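Accompanying notes for the structure given below.
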Amino acid sequence: MKTIMLVCSAGMSTSLLVTKMEKAAEAQGIEAKIFAVAEAEAANHLDEIDVLLLGPQVRFLEGNMKKKLEPKGIPLAVINSVDYGMMKGDKVLEQALDLMK
Amino acid sequence: MNGFIAFMEKYFIPYAAKIGGQRHLVAIRDGFITTMPLMILGSFAVLINNFPIPAYQKFMNNLFGEGTWQAFGGNVWNGTFAILALLIAFTVAYNLAKSYDKDPLSSAVVSVATFFTIGAIAPGVDGIPNTGGLGSTGLFLALIIAILSTEIFTRLSGSPKLVINMPDGVPPAVSRSFAALFPAMITVSIFGLITAFFQAAGVTNLVISFYELVQEPFMGLANSLPAALLLAFVSAFLWFFGLHGANIIDPFMQTINIPAIEANVKALEAGKELPYIVNKPFFDSFVNLGGTGATIGLIIAIFIVARKHKAYMTVSKLSAAPGIFNINEPMMFGLPIVLNPIMFIPYILAPLVLVTVAYIATAIGWVPACTIVTPWTTPPIIGGALATQSIAGGVLAAVNLGLSILIFLPFAKIAQIQELRREKEALAAEGVTAE
């Protein structure tokens, strides 16, 4: 069971993507807990996740988040902006799984 | 155009991104976000008490007796707008301390104490305490206090010299509670002293003086067409480069928004002209239709003139449902609008035109100024009617929606022509290689 967290400004558009990713995970038979939170909430969840994905519009959080996550060995990345815009759940899921390898 | 984009990406965007992550601004924004549900509730209390239909007022008076049924709205008001500055003193300090990884609860409590130290409730001349500082009048000062007191308190709490050493055997939880003792006492005392100096100099109500000297002129400055144009421009401009523009300017927006709304509500109750045209519901209801840049206009324009552009149609269909609730990331990154040279002009122009139209329509009195804080996800047109408590507000939002479609139409058409030409060329190229 892998836990994937998505972060954007208010957790609105990422929550759309979460639904698509859950469907993709189900189709591929992957067990994953995927959820989206607002930027302000992100710090409260850092101990329960295996990977963090940032919406491209909040890519400026990357440096700060990296500082917090690297000591824990948790990978993070900014979601590919075209995949984000087209809400490609399978592609973003793949990105998350690749990061955890 | 490409040179310009490359230039901006290199020299401007990194700085904008820094502002977006600046810890004090983030703390202010997140502090306001925490109070949002209360401000929306307070707004609806105002709506219930002042619903602008005489028949409704009469009905309520007959049902519950004149003057008594407003008590509910008044009570809710007392718990929301009337204590805004107090809430902000707490929430901003909490978020700031959290970003420093220091004890957020202690910092927030110290900040509230400090806010009272400087006179959130000032002793009045006639012995009746003046509670005005708790509401939006004290807002700017509450923000400043939250930041200063937290900066001082979190630094002092890090100092080993100020920690009382407990003998062995004392539970760690107890010794931790003593850790905040001296830092808290010192922080609050500093501001107690500062206030005493001001009082000795004849400034008896620091909050009101600060309001008159700084907050009121600043709000007046922000309540102008150029200021509104600037805010609309910055937000759309940052979004064009893929940064969450609204998020980055939100600390400024929120700070002028709530006092402006409260001033409007007070004027409404007193039957005076509404003083502040520019505020956040103004942008949410009349400018950011479907999201920053009025992108719902683009979706509709594509449905009208660019049906043959397959990629645009796919994204527009995907974006229509979230767009109704003003979420436009699929349009921004999927179409994409971000770094798209064709879309640059309409995307920046649309909000500027909508701001101008909405400002003028409000200034000449066709549409009342906003008095209600609506959630930013309220669908277009409904949002305009709700925020202004008027049909005219809904009509203005609809007119602006029409304008945004007109602005995007030619550019959607150009995009389609280019796409079709590219397809043709690709086909021709394939034909050549097949031969």
If a residue has to be closer than 10 Å to B:S285 by Cα and in a helix (DSSP H, G or I) to count, how many in the range B:353-397 make the cut?
12
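Quick check on the range B:215-227. Is at least one of its residues touching a residue at least 60 places away in the same chain (Cβ under 8 Å), not acidic (D, E) and not in a helix (DSSP H, G or I)?
First pass over the range B:215-227, keeping only residues touching a residue at least 60 places away in the same chain (Cβ under 8 Å): B:215, B:218, B:225.
Still in the list and also not acidic (D, E): B:215, B:218, B:225.
Next cut, not in a helix (DSSP H, G or I) only: none.
No, the range B:215-227 has no match at all.
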Extreme residue, farthest from the other protein chains (Cβ to nearest Cβ), among residues of the range B:268-298 that are open to solvent by 10 Å² or more (accessible area, probe 1.4 Å) and assigned to a helix (DSSP H, G or I)
B:E269
Hey, can you tell me all the residues within the range A:39-59 that are facing chain B (nearest Cβ under 8 Å) and under 13 Å from the mean Cα position of the chain (by Cα)?
A:E39, A:G55, A:P56, A:V58, A:R59
Of all residues in the range B:181-203, which are among the small types (G, A, S) and within 18 Å of B:F115 (Cα to Cα)?
B:A184, B:S189, B:G192, B:A196
Can you pull out every residue in the range B:153-180 that is closer than 24 Å to B:N95 by Cα and open to solvent by less than 70 Å² (accessible area, probe 1.4 Å)?
B:F153, B:T154, B:L156, B:S157, B:G158, B:S159, B:L162, B:V163, B:A173, B:A179, B:A180
The conditions are (1) crowded, with 22+ Cβ neighbours inside 10 Å; (2) away from every other protein chain (no Cβ under 13 Å); (3) part of a helix (DSSP H, G or I), and B:S316 fails exactly one of them. Which is it?
(2)
Scan the range B:159-175 and give yes if some residue there is touching a residue at least 40 places away in the same chain (Cβ under 8 Å) and aliphatic (A, V, I, L, M), otherwise no.
no
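Would you point out which residue out of B:G65, B:G31, B:G42 is of a type in the set (G, A, S) and either more than 21 Å from the chain's Cα centre (by Cα) or at pLDDT below 85 (or both)? So that I can check it myself, show each step before the final result.
Values: B:G31 fails: either more than 21 Å from the chain's Cα centre (by Cα) or at pLDDT below 85 (or both); B:G42 fails: either more than 21 Å from the chain's Cα centre (by Cα) or at pLDDT below 85 (or both).
On inspection, the qualifying residue turns out to be B:G65.
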Filtered residues of the range A:65-83 (kept if within 12 Å of another protein chain (Cβ to nearest Cβ) and out of contact with any strand residue (DSSP E or B) (no Cβ under 9 Å at 6 or more places or on another chain)):
A:K67, A:K68, A:N80, A:S81, A:V82, A:D83
Looking at the structure I just gave you, is B:K308 closer than 23 Å to B:L229 by Cα, in contact (Cβ under 8 Å) with a residue 24 or more places away in the chain and away from every other protein chain (no Cβ under 13 Å)?
no
Under the condition of being within 14 Å of another protein chain (Cβ to nearest Cβ) and among the aromatic types (F, W, Y), which residue from the range B:1-31 is most open to solvent (accessible area, probe 1.4 Å)?
B:Y15
Residue check for B:V188: outside the structural domain of B:A260 (by the TED database) and without any contact (Cβ under 8 Å) to a residue 24 or more places away in the chain:
no
Filter result for B:G323 (within 13 Å of another protein chain (Cβ to nearest Cβ) and over 24 Å from the mean Cα position of the chain (by Cα)):
no
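Run down A:E31, A:E62 and say which single residue is more than 9 Å from every other protein chain (Cβ to nearest Cβ) and within 20 Å of B:S99 (Cβ to Cβ).
Working: A:E31 fails: within 20 Å of B:S99 (Cβ to Cβ).
None of the others qualify; the one that does is A:E62.
Residue-wise test of (1) touching a helix residue (DSSP H, G or I) at 6+ places or on another chain (Cβ under 9 Å); (2) within 14 Å of chain A (Cβ to nearest Cβ); (3) without any contact (Cβ under 8 Å) to a residue 24 or more places away in the chain; (4) not in a helix (DSSP H, G or I).
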| position | (1), (2), (3), (4) |
| --- | --- |
| B:I33 | yes, yes, yes, no |
| B:G42 | yes, no, no, no |
| B:N49 | yes, no, no, no |
| B:F59 | no, no, yes, no |
| B:L63 | no, no, yes, no |
| B:G67 | yes, no, yes, yes |
| B:L96 | yes, yes, no, no |
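Assess whether B:G132 counts as being in contact (Cβ under 8 Å) with a residue 60 or more places away in the chain and open to solvent by 10 Å² or more (accessible area, probe 1.4 Å).
Numbers: in contact (Cβ under 8 Å) with a residue 60 or more places away in the chain: yes; open to solvent by 10 Å² or more (accessible area, probe 1.4 Å): yes.
Yes.
The values are calculated or read from the model by the stated rules, or taken from the named source; none is laboratory data. Here the structure is a predicted model, which means the values were calculated and not measured. Neighbour counts run over all protein chains shown; Cβ positions are idealised from the backbone, glycine included. Please note that ligands, DNA and RNA were not included when accessible areas were found on the heavy atoms of the full protein model with its side chains. Shrake-Rupley method; radii C 1.70, N 1.55, O 1.52, S 1.80 Å.
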